[in-house]
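Comments concern the structure below.
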Amino acid sequence: MTKPSIAVKGIGRMSVKPDQIQLNLELKAENKDYSLMMNEANAKLDSLTASLVSAGFSADDLKTGAISIDAKYDYVRKDDGAQIREFTGYVYSQTISVKFPMSLDLLSEAVSSISCSSVSPELSISFMLADRDSIRDDLLKLAAEDARHKAEVITKASGTLLGSVKEISYDIEGCKIHAPANRMVLRSCSSEAMADMTPEEIVVEESVFFVWSLKQPS
């Protein structure tokens, strides 16, 4: 006969202040001539790099992410009513990111400098944790306490008692971080290109699964 047991998921959750900023930028260029498209893309990248260097970064701080080159087509209706697919040009897309320690002054300087360049990239700003391992121990302790509290409430309500721990398993997804990104498109040059902002605290979670045996009250 299988001995009674209870399985509970414990969640450790903390809200912490971000200590790192990541700028994610997407550059795009489009032209029917492939060489002209690449020239435009390279010119935009050079302009973006120069603007960030003038804000205090080095060229090595910029990290290239995804690069894509796609052929673009439109459907055109002919005089006889038939539709044909017509080539309209090439589209180049490149994502670039730069990370730096939390500094709203440096962030404002970077955004202002980018807005005054010849580039109008799509920009997202992410507030992050540089070292999530530093709080993992506290999260796991909270998760264990949460699991035991839930188990004790359930067993008390059901008229049973917690026995010994039979199994402990760690959530394979690991640490979960909830930190929404702020997105914007820069279109004009301004020393006040970015409005004042106060970063939200980042919610960090860890999960642990426990299984206890159950005992009947004596």
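The values are calculated or read from the model by the stated rules, or taken from the named source; none is laboratory data. Given the structure is predicted, the values throughout are model-derived calculations rather than measurements. Don't worry about glycine lacking a Cβ; one is built from the backbone with ideal geometry, like all the others, and counts go over all protein chains shown.
Quick notes on this one:
- Residue match in segment 55-74 (condition: free of Cβ contacts under 8 Å to residues at least 12 places away in the same chain and of a type in the set (V, I, T)): no
- Wholly within segment 108-218, strands (runs of 3 or more DSSP E) carrying at least 3 residues that are of a type outside the set (V, I, T) and either under 27 Å from L45 (Cα atoms) or at pLDDT below 90 (or both): 122-128, 182-185
- Test for K9: is it of a type outside the set (A, V, I, L, M, F, W, C), in contact with a helix residue (DSSP H, G or I) (Cβ under 9 Å, 6 or more places away or on another chain) and part of a strand (DSSP E or B): yes
- Matching entry among K3, K9, K32, K44 (being basic (K, R), loosely packed, with under 15 Cβ neighbours inside 10 Å and not assigned by TED's automatic domain parsing to the domain that holds D137): K32
- Residue count, segment 70-91 (criterion: in contact with a Ser or Thr (Cβ under 6 Å, 6 or more places away or on another chain) and either of a type in the set (K, R) or not in a strand (DSSP E or B) (or both)): 1
- Selection status of V119, under 30 Å from I67 (Cβ atoms) and out of contact with any Ser or Thr (no Cβ under 6 Å at 6 or more places or on another chain): no
- Extreme residue, farthest from Q20 (Cα to Cα), among residues of segment 101-115 that are surrounded by fewer than 17 Cβ atoms within 10 Å (Cβ to Cβ), out of contact with any Phe, Trp or Tyr (no Cβ under 7 Å at 6 or more places or on another chain) and touching a residue at least 24 places away in the same chain (Cβ under 8 Å): L104
- Output for segment 51-92, where each listed residue is hydrophobic (A, V, I, L, M, F, W, C) and surrounded by 11 or more Cβ atoms within 10 Å (Cβ to Cβ): L52, V53, A55, F57, L62, I67, I69, V76, V91
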